[in-house]
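Just so you know, all these numbers are worked out from the coordinates, no wet-lab data involved. None of these values were measured; they are calculated from a predicted model. Cβ coordinates were reconstructed from backbone atoms using ideal geometry, including for glycine residues, and neighbour counts include every protein chain displayed.
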Amino acid sequence: MVKNSINKPVIFIAVLIIMTILGDTLIGNVLNSLYFSDASIKNERLLAYKQSQKDIIIFGSSRAEAHFDPMIISQITGMSCYNMGFSGQNIYFHKAMLESVLEEYSPKAIVLELLDIDFVKTDAIHDKEKLSVLLPLYAANKHAKQAIQLRGRTEKYKNLSSIYPFNSAVYAILRNNYYPFVNNYNGYIPIHNKWEYAIDSTSDSKSKIDEFKVKAIYDFIEKAQNRNCKVLITVSPYYMIRRDSLFNEISKRIRTRFDLEVFSLSQDRRFLDRRDLFADPMHLNTEGAKQFSEIISAKILKLVATK
Amino acid sequence: MIERTDKAIKKRYYLLLSIILNFGMLFIYKYFDFLNSSIHVLMDRLSVRWPVPNLDLLLPVGISFFTFQAVGYTIDVYRGQVKAEKHFGYYALFISFFPQLVAGPIERSKHLLPQFREVHFFDFNNLEAGIKQMIWGFFMKLVVADRLAMYVQPVYGNLELHNGTTILLATIFFAFQIYCDFAGYSNIAIGTARIMGFDLMNNFKRPYFATNITEFWHRWHISLSTWFRDYVYIPLGGNRFGHTRTKFNLFVTFMVSGIWHGANWTFLVWGGLHGVLQVIEKSFGKIKESKSTVLNLSSVLKVFLTFSFVTVTWIFFRASGIDQAFIAINRILTTSGIPFKDANTFIYGGTGLLILFTREFFNEFYPGKFLILESKQPVVSGIAYSFLVLVILLIGILDQSQFIYFQF
């Protein structure tokens with residue numbers, strides 16, 4: 001009787017452990033092969049570094065994603081362009097993506113659209129936790145692995161699981177393989193609506209500079225310059241009156257360290273007076289992105305022409 | 001001291017002193033700033049300068065839970081229901097027993113204290129039962145609660161931007177988020193204690209299958225609702241002094257329950273609404289609780305209505321202020337605004353909800369017949385729970401996140 005009462009729980013625990021390990025290995029490997037399949041590489045923007053050996057690469061958050069139209073930039077500059085902007089991400093992500101690109105080749109020009117989350121202290125949920133999007137690349141890409149390890153010391157243990165890197169990615173993996181999300185705009189994700197509300201104002205007076213992020217910005221620029229890429233740091237237009245003392249501080253530091261001017265259209269009147277060019281106070285709509293891309297193209301042309 | 005003295009008046013004096021000390025600490029940490037700010041606003045309106053500043057103290061995690069546990073113990077000693085614990089170590093362990101320290105279940109002294117004096121041996125059966133309960137708790141928390149939170153948070157953070165359908169969906173999701181967050185924690189706590197050989201009280205019994213609000217409170221946060229019943233409602237007179245007094249006692253108890261949850265008018269309104277709804281139910285006669293095995297059109301309709309009432313009250317619980325709660329209610333009835341379509345929430349959250357519903361439905365209406373997770377065969381249950389672990393790994397939110405009830 002006593003033996004039986006011990007046997008049942010032992011069998012339960014043994015089955016639980018064995019089935020979990022087996023299931024984890026099996027499902028993890030299937031997801032891994034689906035994630036890196038040809039169809040996925042074609043449709044997954046995170047894997048753009050593997051397939052797009054373009055002349056100009058754009059990095060940044062959702063503002064990069066929605067503001068830089070590679071078609072227009074290519075038309076004007078005569079160079080191919082890919083927008084690797086990624087919504088919600090900050091400099092740690094952009095740096096990992098740049099390193100992944102540089103592992104493959106050296107683009108002619110690198111554009112980094114700078115946002116305050118790239119250099120101010122933010123909650124973990126808006127910061128390193130966001131790097132979970134890189135988890136599928138943990139085993140395959142050493143730069144992504146380094147970035148993921150910024151999330152915490154437990155990441156290396158969590159990644160012992162074969163499923164964990166693909167946590168919450170099942171839908172995207174299946175969609176990319178069987179119902180492709182086709183982006184015909186080389187990474188650019190246009191926003192079509194028009195903002196209808198009055199202009200607001202904001203100030204960064206409560207924010208503090210995050211020196212780890214600033215170091216990552218420096219690394220980003222250095223790595224690109226070391227590979228002879230021309231670097232352009234931009235701040236695209238906002239539909240809000242901004243008092244950006246920290247932006248000015250960072251721009252000054254970059255200028256001093258790299259002799260690099262941050263090209264800011266943050267408060268440019270061509271946009272600030274035109275509500276119809278915005279989808280919301282942070283994002284240009286398609287028409288705004290068109291006008292902005294034209295301005296940026298001229299700037300890139302000039303930059304690439306310099307020695 | 002309460003136990004040692006023979007004089008009733010002295011006993012009462014010591015009890016009062018203990019209650020004042022315990023609730024005094026809770027008041028300073030949790031309610032002082034709320035009261036002070038409210039007075040400040042009132043004085044401003046009267047153009048009177050109010051010089052007392054807020055304390056801005058960091059709230060100790062789980063203070064409401066361990067304060068209530070301590071007060072419950074003192075009252076039990078006063079009533080002679082338990083003997084005073086003379087060993088400080090056992091008493092300290094009772095107040096700060098780690099599995100349930102931060103978010104309950106709020107244990108009763110006569111249930112938990114004697115367990116600390118028992119000798120506990122490692123038991124494989126406890127290990128199995130504990131692991132099962134913990135896995136289910138993690139499933140509720142990581143797969144359902146945290147996933148739905150990713151929809152609820154942005155919607156309730158920007159109520160003005162979203163359309164009615166989105167806000168309605170976010171409100172329904174919040175009903176499941178808070179249930180799975182809190183019941184998930186309770187399951188993890190009970191499971192952890194079980195592995196060590198301790199038995200903690202059950203805190204939830206499929207509350208959204210309740211057929212009326214009274215029954216809902218017999219199924220939701222049971223350790224708190226029974227605490228309020230024993231230490232607030234009954235001392236107020238319970239149902240011993242006529243219908244009107246019973247309803248008044250009920251209403252007061254739920255107002256206190258509301259304010260227990262947090263120093264904000266939203267919690268007071270939430271508690272008040274539950275009090276009012278129960279008073280209305282009482283006015284319609286004796287409430288019959290549904291037998292858990294009956295499934296018919298009438299019970300389905302009652303479950304739906306009760307869930308709808310409870311969900312509406314959650315709006316006040318979730319909103320950051322009374323004004324925001326009314327914005328949410330107003331906007332639910334409109335079509336303007338942006339719809340929030342998030343495939344991940346719908347697919348992964350929907351999967352979690354389906355598994356949750358299936359298990360709870362069968363346990364409610366066909367107990368003992370959903371034999372996959374409840375199977376007595378260790379191989380079958382081992383496979384079933386490994387499936388849950390894999391689901392957690394596949395679609396759970398595995399980032400750092402907190403439990404909602406930690407703030408209380």
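Using the Cα centre of the stretch A:1-91 as origin and beta-carbon charges of +1 (Lys, Arg) and -1 (Asp, Glu), tell me which of A:Ile73, A:Ile18, A:Ser61 is placed farthest towards the positive end of the dipole. Value: A:Ile18. Packing order of peptides A:234-241, B:5-12, highest average first: A:234-241, B:5-12 (average count of other Cβ atoms within 10 Å over each peptide's residues). For the pair B:Ser96 and B:Phe27, a Förster radius of 22 Å applied to the C-beta separation gives a FRET efficiency near 0.60, rounded to the nearest 0.05.
Toward the positive end of the charge dipole of the protein assembly as shown, with +1 on the Cβ of Lys and Arg and -1 on the Cβ of Asp and Glu, the farthest Cα among B:Ile188, B:Ala384, B:Leu142 is that of B:Ile188. Scattering from the stretch B:226-348 was approximated by placing one identical point on each alpha carbon and applying the Debye formula without solvent; log10 I(q)/I(0) at 0.13, 0.22, 0.23 1/Å stands at -0.72, -1.26, -1.28. Rounded to 0.05, the FRET efficiency of the A:Leu150 and A:Ser207 pair, given R0 = 22 Å and the Cβ-Cβ distance, is 0.65.
Working note: Karplus 6.51/-1.76/1.60 with θ = phi - 60° gives the stretch A:227-236 the couplings 9, 6, 8, 6, 10, 10, 9, 10, 10, 7 Hz, where Gly and Pro are set to x. Considering only B:Phe121, B:Phe241, B:Phe68, the Gaussian network model of chain B with Cα springs below 10 Å gives its largest mean-square fluctuation to B:Phe121. Once you order the gyration tensor axes a ≥ b ≥ c over the Cα atoms, which shape class does the stretch B:32-184 get: rounded for a/c under 1.5, otherwise prolate or oblate by comparing a/b with b/c? Here the stretch B:32-184 falls in the oblate category. Under a 5 Å amide H cut-off, with hydrogens placed 1.01 Å from N, A:Phe278 pairs with A:Trp195, A:Asn285 among residues at least 5 apart or on other chains. Available extension along the chain between B:Ile63 and B:Ile9 is 16.5 nm, counting 0.36 nm per residue and deducting the alpha carbon span. Dividing the convex hull volume of the alpha-carbon atoms in the stretch A:81-186 by its residue count gives 120 Å³ per residue. Using the alpha-carbon positions of the stretch B:107-263, Rg (one decimal) and Dmax (whole number) come out as 19.1, 58 Å.
By the compact-protein rule of thumb, 2.2 N^0.38 Å, the alpha-carbon radius of gyration of the stretch A:1-129 corresponds to a ratio of 1.63. Build a GNM of chain B with springs between Cα atoms under 10 Å apart, and of B:His218, B:His120, B:His274 the one that fluctuates most is B:His120. As a proxy for reagent exposure, B:Val256, B:Val77 were ordered by neighbouring Cβ count within 10 angstrom, fewest first; the result is B:Val256, B:Val77.
For the stretch B:85-130, the list of GluC sites (Glu not before Pro) that fall in a loop by DSSP and count at most 10 other C-beta atoms within 10 angstrom reads B:Glu118.
Computed per residue of chain A from DSSP H runs no shorter than four, each worth -39500 (n - 2.57), the mean residue ellipticity at 222 nm is -14500 deg cm²/dmol.
Scaling the Cα radius of gyration of the stretch A:24-83 by the globular reference 2.2 N^0.38 Å produces a ratio of 1.45. Quarter the surface of the alpha carbon convex hull of the stretch A:138-177 and you get the mean projected area, 3.1 square nanometres. As a proxy for reagent exposure, ranking B:Trp227, A:Trp195 by other Cβ atoms within 10 Å from fewest up yields A:Trp195, B:Trp227. Mean projected area of the convex hull spanned by the Cα atoms of chain B, taken over all viewing directions: 23.9 nm².
Taking a ≥ b ≥ c as the square roots of the Cα gyration tensor eigenvalues, with a/c under 1.5 meaning rounded and otherwise prolate when a/b beats b/c, else oblate, which class fits the stretch A:135-203? The shape class here is oblate. The GluC sites (Glu not before Pro) of the stretch A:26-117 include none that DSSP puts in a loop with a beta carbon having at most 13 other beta carbons within 10 Å. Normalised by the number of residues in chain B, the mean separation of alpha-carbon contacts (under 8 Å, six or more apart) gives a relative contact order of 21 percent.
Annotation: for a label point projected 7 angstrom from Cα along Cα→Cβ of B:Arg45, residues of the stretch B:316-330 with backbone N closer than 15 Å are B:322-323.
Can you tell me the alpha carbon radius of gyration of chain A divided by the globular rule-of-thumb value 2.2 N^0.38 Å? Its radius of gyration relative to the 2.2 N^0.38 Å reference: 1.15.
Considering only B:Met43, B:Met255, B:Met201, the mean-square fluctuation computed in a Gaussian network model of chain B, springs between alpha carbons under 10 angstrom, is largest for B:Met43. Ranking A:Ile110, A:His192, A:Ile221 by Cα position along the charge dipole of chain A, where only Lys, Arg, Asp and Glu carry charges on their C-beta atoms, puts A:Ile221 farthest toward the positive end. Here the simple spin-label model places points 7 Å from the Cα toward Cβ, and for B:Val379 and A:Ile18 these points are separated by 0.9 nm.
Are there trypsin sites (Lys or Arg not before Pro) in the stretch B:217-252 that DSSP puts in a loop and that have at most 10 other Cβ atoms within 10 Å, and which ones? Listed in order of number, the matching sites are B:Arg240. Shielding by partners for peptide B:129-137, expressed as the average number of C-beta atoms from other protein chains within 10 Å of each residue's C-beta, is 1. For the stretch A:184-276, the calculated P(r) over all alpha carbon pairs, in 5 Å bins from 0 to the bin holding the longest distance, is 3, 10, 17, 19, 17, 16, 12, 5, 1 percent. Quick one: grab the alpha carbon gyration tensor of the protein assembly as shown, order the square roots of its eigenvalues as a ≥ b ≥ c, and give me rounded if a/c is under 1.5, else prolate or oblate depending on whether a/b is larger than b/c. Because a/c hits 1.5 or more and a/b exceeds b/c, the protein assembly as shown counts as prolate.
Looking at the protein assembly as shown, the DSSP beta bridges with both ends there are about 15 percent antiparallel. Working note: Karplus 6.51/-1.76/1.60 with θ = phi - 60° gives the stretch B:384-394 the couplings 4, 6, 5, 4, 4, 4, 5, 5, 4, 5, 6 Hz, where Gly and Pro are set to x. For the stretch B:107-178, the calculated P(r) over all alpha carbon pairs, in 10 Å bins from 0 to the bin holding the longest distance, is 17, 26, 21, 18, 13, 4 percent. Average 1/r across all pairs of distinct alpha carbons in the stretch B:7-111, invert it, and you get the Kirkwood radius: 15.9 Å. A simple charge model with +1 on the Cβ of Lys and Arg, -1 on the Cβ of Asp and Glu and nothing else charged puts the dipole of the stretch B:109-252 at about 480 debye relative to its Cα centre. Per residue, the Cα convex hull of the stretch A:225-306 amounts to 101 Å³. In this Cβ point-charge picture (+1 for Lys and Arg, -1 for Asp and Glu), the protein assembly as shown has a dipole of about 1420 debye about its Cα centre. If the reach is capped at under 20 angstrom between alpha carbons, list the lysines near B:Lys302, excluding any in the same chain fewer than eight residues apart. Hits, sequence-local ones excluded: B:Lys205, B:Lys282, B:Lys286, B:Lys288, B:Lys291.
Counting only Cβ charges, +1 for Lys and Arg and -1 for Asp and Glu, the dipole size of chain A around its Cα centre is about 660 debye.
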